[in-house]
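One structure is given here, and the rest of the page talks about it.
The values are calculated or read from the model by the stated rules, or taken from the named source; none is laboratory data. All figures in this text were calculated on a predicted structure; none of them were measured in a lab.
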Amino acid sequence: MMNAAHILVVEDDLEICGFVVEALRRDGYRVTFVHDGQSAIQAWEGASFDLVILDIMLPGIDGLEVLRRIREKERVPVLLLSAKDGEVDKILGLGGGADDYLTKPFLLGELLARVKAQLRRYLYYQSAASEASPAVIAYRQLELNPNTYEVKVDGTSRPLTAKEFEILKLLLSEPRRVFTKSQIFERVWGETYSSEVDENTIMVHIRRLRQKIEADASRPQYIQTVWGIGYRLGGED
């Protein structure tokens, strides 16, 4: 089932795009490819995809804007490609809702391994959600629906990225428990926490999550910082 997944490749370098598309198709995936941001948005709106491979540097509309448009409606995994290897670029990409980040030049084997990992995780959670019907998780005026990936505050929907949703779901799973940054990263990203980049990634996501669900992000009522340790649900800083 995983190899029948439909993948959108957005890459303006024709040679790189050709290599990637050929490798994916050889592995059995259905692939649609485009070379600019506007075409990516049109392709996205016209079909259903299970994963997006997205270059950051695109003519016209850049990859981060395409990512933002996708995250307004869907939680499908997005793997960013970039010639930039700076920490700021990685943080911006992951903070914008990307699920993974690969720096050019890269090995096709590594790309395929990351594609498989993201699809495996995505399809697993999709299957689990369809088999189970968990009740809406509520805390104060906050409601989280694991089936529809919808979050409401005072009855008003608040669109979250996939990672923001999973962080909030994790905190809601055990109210008042303090989760360290490493625990959040390893539970939500599924990778080993090992650097300042990972710490900054968590902080960016927490800040943006607060901006979306808190009445006053500077005095949060839902996501409390426990200084020197991590975060928990409830209370104020």
Test: residue in segment 211-233 that is modelled with pLDDT of 90 or more, of a type in the set (A, V, I, L, M, F, W, C), closer than 14 Å to F165 by Cα and under 19 Å from the mean Cα position of the chain (by Cα): yes
Test: residue in segment 39-57 that is of a type in the set (S, T, N, Q) and within 24 Å of E196 (Cα to Cα): no
Qualifying helices (runs of 4 or more DSSP H) (wholly inside segment 129-229; at least 1 residues being aromatic (F, W, Y) and within 16 Å of L94 (Cα to Cα)): 162-173, 181-188
Wholly enclosed strands (runs of 3 or more DSSP E) of segment 1-70 bearing at least 3 residues on the phi < 0 side of the Ramachandran plot and under 16 Å from the mean Cα position of the chain (by Cα): 51-55
Qualifying positions in segment 130-162 - modelled with pLDDT of 90 or more and basic (K, R): K152, R158
